[in-house]
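Okay, structure first, notes after.
The values are calculated or read from the model by the stated rules, or taken from the named source; none is laboratory data. All of these numbers come straight from a predicted model, not from anything done at the bench. Don't worry about glycine lacking a Cβ; one is built from the backbone with ideal geometry, like all the others, and counts go over all protein chains shown. Remember, those area values only see protein heavy atoms, side chains included, never the ligands or the DNA or RNA. Shrake-Rupley method; radii C 1.70, N 1.55, O 1.52, S 1.80 Å.
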Amino acid sequence: MDTIKTKCLIIGSGPAGYTAAIYASRANLNPVLCEGMQPGGQLTITTEIENFPGYPNGITGPAMMDEFKQQALRFGADVRPDSVTSIDLSARPFIANTDNDTVIEADTVIIATGASAKYLGLPDEEKYRGMGVSACATCDGFFYRKKRVAVVGGGDTACEEALYLSTLAKEVYLIVRKDKLRASKVMQRRVLDTANIKVLFNTNTVGLFGEDGVEGAHLVKHLGTEKEERFDIEIDGFFLAIGHTPNTSLFEPAITLDHMGYIKTYDDTTATNIPGVFAAGDVADPRYRQAITAAGMGCKAAIDVERFLLEEE
Ligand code: NDP
């Protein structure tokens, strides 16, 4: 078992984690960054990123995250492929254990663990997970070339996934529970203008069916009203794009969460309820959830750490 000490432990390797690492390294805090189960974070499973300033022609998620990582390494951040499996936040230094049998003693911690995809909660999602049910079109879309698929959700993610799948699949159903899309206007237009995407408004999924994998979905239009209408669609793939849950379980119950389960930060800073513990990115941001805002919060967290340590001295 290896024990290392650091002034700043950063947990998570999305835009928030890497930006914090870049700033903390440049401030001579010699940060240790644990990449976690999904190195690069959620952006590594998106397609093209068109709205991050500095990339006028867009860039793929994995390529952008690799550039973030290289920039953090350039300034000496200790980036490790470890996942933190437990952390004691009850006293300082904080003690974290990783899945590589490393113990990290940290004067401060930046939590940048992001968020994970939500599921509808249908038993069939479990039954067919990996057999037609997915929450990542970019990861699994390839398997559905020239087939029929459905995407659930009406936000930007759902539209993005439907558009991506429309380039591979024969037909894409977009299952939207309301009578309108929540996505930005530009994404809505793209979806509505795509010939092989069929948007099913006012529609809920109540089950899936199939012998050895998904062969179709049971849908209900106008669920719970007089106009309720049940019907089935034939599909080979069922993609969830209904939002995310912040990844906070490692820090509970020590860390204070807001009513939606996101880490609560105080006084317009990234400070949490525990002195020396800061939070940045999607794990602490129910509102904006963008790569650029996560990066901004990562920068703020590193500056907050620097000031916190200076004040202590
Ligand atoms: P959102 O929270 O914006 O949208 C979730 C969608 O899923 C909504 O349409 C919601 O329906 C629907 N939904 C939620 N629960 C259920 C359920 N149980 N059954 C059926 N439908 C459900 O999440 P996104 O992941 O789309 O986006 C998150 C943030 O990231 C947003 O701010 C978005 O703008 C941003 N984003 C930006 C991108 C870009 O700019 N390129 C790409 C992807 C995301 P309802 O509307 O009825 O609540």
- Task: Select from the stretch 239-296 the residues that are among the basic types (Lys, Arg), without any contact (Cβ under 8 Å) to a residue 24 or more places away in the chain and either closer than 24 Å to Glu125 by Cβ or within 16 Å of the ligand (Cβ to nearest atom) (or both) and list them in ascending order.
- Result: Arg287
- Item | Residue satisfying condition, being modelled with pLDDT of 95 or more and surrounded by fewer than 15 Cβ atoms within 10 Å (Cβ to Cβ), within set Leu200, Leu219, Leu192 | Leu192
- Query: For the stretch 30-54, how many residues meet the condition of being within 15 Å of the ligand (Cβ to nearest atom), open to solvent by 50 Å² or more (accessible area, probe 1.4 Å) and in a loop (DSSP other than H, G, I, E, B)?
  - Reply: 3
- Given the conditions (1) open to solvent by 60 Å² or more (accessible area, probe 1.4 Å); (2) touching a residue at least 60 places away in the same chain (Cβ under 8 Å); (3) among the hydroxyl-bearing types (Ser, Thr, Tyr); (4) in contact with a strand residue (DSSP E or B) (Cβ under 7 Å, 6 or more places away or on another chain), and given that Ser90 satisfies all but one, which numbered condition is not satisfied? (4)
- Item | Members of the stretch 103-128 that are touching a Cys at 6+ places or on another chain (Cβ under 9 Å) and either exposed (fewer than 15 other Cβ atoms within 10 Å of the Cβ) or hydroxyl-bearing (Ser, Thr, Tyr) (or both) | Thr108
- Flag if Tyr266 is more than 23 Å from Cys136 (Cβ to Cβ) and aromatic (Phe, Trp, Tyr): yes
- Query: Name the residues in the stretch 213-238 that are in a strand (DSSP E or B) and either farther than 14 Å from Ala150 by Cβ or within 16 Å of the ligand (Cβ to nearest atom) (or both), would you?
  - Reply: Ala217, His218, Leu219, Val220, Lys221, Glu229, Arg230, Ile233, Phe238
- Answer yes or no as to whether Glu306 is modelled with pLDDT under 95 and open to solvent by 20 Å² or more (accessible area, probe 1.4 Å). no
- Which condition does Gly12 not pass, out of (1) at pLDDT below 95; (2) on the phi > 0 side of the Ramachandran plot, if it passes all the others? (1)
- Item | Qualifying position, being closer than 30 Å to Tyr55 by Cβ and either modelled with pLDDT under 95 or in contact with an Asp or Glu (Cβ under 7 Å, 6 or more places away or on another chain) (or both), among Ala301, Ala291 | Ala291
